[in-house]
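Right, one structure below, let's go through it.
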Amino acid sequence: MSDEPEKPNNHRVIGIVLALVAGAALIYSAVTRQWLSNGNMYEQISFGLRDMSQCGSAFGENDCDHYSNSEFVQHLRDFGESSAINTSGAFAPMGWITLVAALIAALGLLAAAGLAIANKKPDLPMTPSTLALLGIIIGIITGCVFIATKPGPAGFVGAGLSFWVFGGGCVLGIAAAQMLAKVNRPLDPDLMSDTMNADDF
């Protein structure tokens with residue numbers, strides 16, 4: 001037997017780091033209100049996955065108006081037919097679905113990283129890595145629909161910081177989930193462990 005110390009598993013370490021970074025990015029994107037924003041210095045408009053804020057000179061120097069996304073869509077529709085054309089009923093629901101998917105993906109990544117840190121390989125009905133991948137896949141689809149169905153005319157708002165953080169978190173999360181799926185995979189059972197010993201007969 002070799003006396004050399006066991007070399008660290010680079011895939012394990014990299015997978016843990018990627019999972020922690022991706023999980024933090026997904027949580028950040030879920031709770032912040034910078035998915036959609038404008039670049040106007042006089043009136044700042046920003047949308048999160050649940051709600052939006054509108055701040056500027058019309059609301060006072062330090063005052064802002066807040067709406068849930070569904071309330072803002074209805075607010076635009078109340079202005080008349082021309083404003084209603086620039087709204088979509090899918091906008092608010094897609095935001096909520098993306099929020100839940102991002103949190104589920106983050107939970108799966110953090111759980112997978114925790115198992116890898118503890119060097120545990122439990123035999124679970126669904127692994128945390130699989131849960132993370134499902135959340136990421138759903139979140140990518142619904143997040144893109146959320147951006148595509150943004151309310152208001154063209155140029156009203158554009159993709160903001162939270163959207164790009166979410167995208168980066170998804171890319172890192174996919175890589176981390178695949179790495180940790182191998183690291184946390186339960187050991188294959190020894191099929192010969194229960195075989196009969198000929199000396200017993």
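The simple spin-label model puts a point 7 Å past each Cα toward its Cβ; for Gln74 and Ala159 those points are separated by 3.1 nm.
Let me spell out the model: positive unit charges on the Cβ of Lys and Arg, negative unit charges on the Cβ of Asp and Glu, origin at the Cα centre of segment 60-166. What dipole size does that give, in debye rounded to 20? My answer is approximately 620 debye. Using the Karplus relation 6.51 cos²θ - 1.76 cosθ + 1.60 with θ = phi - 60°, the per-residue 3J(HN,Hα) values for segment 94-101 come to 5, x, 5, 5, 5, 4, 5, 5 Hz, with x marking Gly and Pro.
Each reported figure results from applying straightforward, stated rules to the coordinates on display, with no laboratory input. In this text, all values refer to a predicted model and were calculated from it rather than measured experimentally. Positions of Cβ are generated from backbone atoms using ideal geometry, with glycine treated the same way; all protein chains shown enter the neighbour counts.
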